1. Hey, among the residues in the stretch 75-97 that are more than 17 Å from Thr319 (Cβ to Cβ) and assigned to a loop (DSSP other than H, G, I, E, B), which one's nearest to the chain's Cα centre (by Cα)?
2. Which of the following residues is over 20 Å from Asp289 (Cβ atoms) and free of Cβ contacts under 8 Å to residues at least 60 places away in the same chain: Lys22, Lys39, Lys48?
3. Among the residues of the stretch 346-384, write down those that are closer than 19 Å to Gly397 by Cβ, within 16 Å of the ligand (Cβ to nearest atom), open to solvent by 10 Å² or more (accessible area, probe 1.4 Å) and in a loop (DSSP other than H, G, I, E, B).
4. For the structure I just gave you, tell me whether Ser417 is under 30 Å from Phe252 (Cβ atoms), within 16 Å of the ligand (Cβ to nearest atom) and open to solvent by less than 20 Å² (accessible area, probe 1.4 Å).
5. Look through the stretch 1-47, keep the residues that are assigned to a helix (DSSP H, G or I) and over 26 Å from Met466 (Cα atoms), and return whichever of them is least open to solvent (accessible area, probe 1.4 Å).
6. Which numbered condition in (1) in a loop (DSSP other than H, G, I, E, B); (2) farther than 28 Å from Val552 by Cβ is the only one that Asp439 fails?
7. Limited to the stretch 275-309, what total is found for residues that are in a loop (DSSP other than H, G, I, E, B) and under 23 Å from Gly67 (Cα atoms)?
8. Does the stretch 533-545 include one or more residues that are in contact with a Gly (Cβ under 7 Å, 6 or more places away or on another chain) and within 16 Å of the ligand (Cβ to nearest atom)?
Amino acid sequence: MIKKDNLYFPPEKFKKSAWINKKGIYQEAEKDPIKFWEKIAKEAYWKKPWNLAFEHKAPYFKWFLGGQINLAENCLDKNLEKKKDKIALIWEPEPVEEQPRIFTYKELLKEVNKAANALKKLGVKKGDRVGIYLPMIPEVIISMLACARIGAVHTVVFSAFSPQALKVRLQDTEARILITADGYFRRGQIINLKSNADEATKETKVEKVVVVKRTKNEVVWNPEINFWFEDLLKNEKEVCEPEAMDSEDLLFILYTSGSTGKPKGILHTCGGYTVQSKFTGKIIFDLHDNDIIWCTSDAGWITGHTYAIYSPLLNGATTVIFEGAPDWPTPERWAQIIEEHKVTIFYTAPTAIRMFEKYGAEIIKKYKFSTLRLLGSVGEPIDESAWNWYFAEVGKGKCPLVDTWWQTETGGILITSLPGIGPFKPSFTGLPLPGVKIDILDDEGKSCPVNKEGNLVILPPFTPGMLRGVYKNPEKYLETYWAKYGTNTYFTSDGAFRDEGGLVRIVGRVDDVLKVAGHRVSTGELENAAAKHPDIIESAVVGIPDEIKGEVPIIFAVSRKEKPEEELKKGIIDQIKKEIGPIALPKEVYIVEDLPKTRSGKIMRRILKRLFTGEELGDLSTLSNPEIVEKIKGKMQNLNGKNKS
Ligand code: WTA
């Protein structure tokens, strides 16, 4: 890479072969973004062309109206002509002694078609919601593509979510079918997913549960409603006509955390999502025919949907997915996977990068990573030191490093510098993509000058792959995204600023959402979970900085009864595991007498956070109970002292 001052630029060789290497694309898009996206959209296969590119009836907008398309057909059939024996998918199981499974485009299409036919036989029709609660095994991709093929709407729920978290999502979508597995491997243990699924489906509309045989552990079986995935597929036909989907038909619902306790079902539609995933993967990861991309995200998150699955396949590349944890059974597992599968593009989260760094020196000496040509980061701000380490030690100073900003709601990456152009600056996510209009506004709605922090917003015409709403909750849609600056300005809930060159740096969320190891959870969700503990009256969660995970929650709880603190703490942790799962457990639980509150009863989380970080507490005069602050402080010091000794 070429370094000029504090910026990096791609070397000539990289530039030459990159899809995009001329800045002109930014001006072209800026001049007429709708026309620009129309040109991009033509790279996808449409069963019927659209007759109107964009319609905006704030706060709603639509793209490619009247067009018909099928995402699975674009991923598979359209690649077959040239690439039938090309590898589409490499699956790396967690146990090292087990062999990877490999699917060519042709083989993947066959499996998807069989699964699609099987779903139809179970009664799934266009528009029906299908729950998918699977680990990172090929069947998760096969199931998602099968839904897309027949026009069913998939809702993938991360396999580490608890039965209760799955239940809430199944209830909201009213899915009648759930696809799950007997179990999966995690750090050498078998996790019995089927028993979670059984618990979750009680009190839902789920009528049939399809089970992939993965770990062969014993499961409770009800032959009336349980079906083995492999049995259903065995005699199915290998062809299945892809459904002609209207551009604006629902493609999937993916739940994510917002400021309140209840997760929101984010809606994505067929045409726009297909166009945007194909385009962003192509230009940001510079996906070419011989690329092998490993995006480490689970399919249960938007990053897994778009860049582990849909975008690589839309671009005819090879995608690698991995069942396990990147540091299991040894800290070098991730490095072995890159070498073994000759990964050319590696896309992961800062938490993983910091973890690799921590264990790193010996590993880095051993592995040359000679196949890598591009690195990516996503999910949380990447600090300068992690950026530099990743760039120098994994990329060996020769790979462009794209720090990509986006959200579940945006469907695909919207801000990052392009690998064939640059510039790349440690800890800055970069420039908005061509065709993406953003601004950074102060609280009055004025554009912030250089280096001044404000709120990141997205401006019309937005982008084709952005959300179309919140499932069954138009008020929430309006209130979350369009209330702050009016219905023409999408509010991201992220704080950011720009440098002199227009490069954007994301500072972090300005709402009550935490990013714990890149996972999105809200303080409200955690507090609601704690509140279900019978001895807890109320609680407050705040996020505090963490060296590896970026941010971790701590919880302050007020108990109803005098009980041993250790018992209460364990009870709260168990409650959170039950309601949400193990993904965002609090680092500390403090049992306190009361929480700092304003006179109107609002809990002042800011003060609790400052108690932890040691910042100035600020004005306490608005509190109705200022004396509690000192008490909590004393308690924290006591406990911290005890922990240290
Ligand atoms: C944060 C993940 C800094 C941000 C794709 C956003 C980032 C939230 C970055 C969305 C980045 C994502 N730098 N922060 N490169 N990428 N974020 O929905 O706060 O899980 O609003 O989507 O992650 O999280 P979500």
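The values are calculated or read from the model by the stated rules, or taken from the named source; none is laboratory data. Given the structure is predicted, the values throughout are model-derived calculations rather than measurements. Counting neighbours? That spans all protein chains shown, and the Cβs are built from the backbone with ideal geometry, glycine included. Ligands, DNA and RNA are stripped out before the accessible areas are found, and what is left, the full protein with its side chains, is counted by its heavy atoms. Shrake-Rupley method; radii C 1.70, N 1.55, O 1.52, S 1.80 Å.
1. Glu94
2. Lys39
3. Asp383
4. yes
5. As a first pass, look at the stretch 1-47 and keep what is assigned to a helix (DSSP H, G or I): 12-17, 24-31, 33-41.
Subset that is over 26 Å from Met466 (Cα atoms): 12-17.
Details: Glu12: 118, Lys13: 174, Phe14: 20, Lys15: 67, Lys16: 167, Ser17: 67 Å².
Result: Phe14.
6. It is condition (1) that Asp439 fails.
7. Matching residues across the stretch 275-309 total 0.
8. The answer is no, given that none of the residues of the stretch 533-545 is in contact with a Gly (Cβ under 7 Å, 6 or more places away or on another chain) and within 16 Å of the ligand (Cβ to nearest atom).
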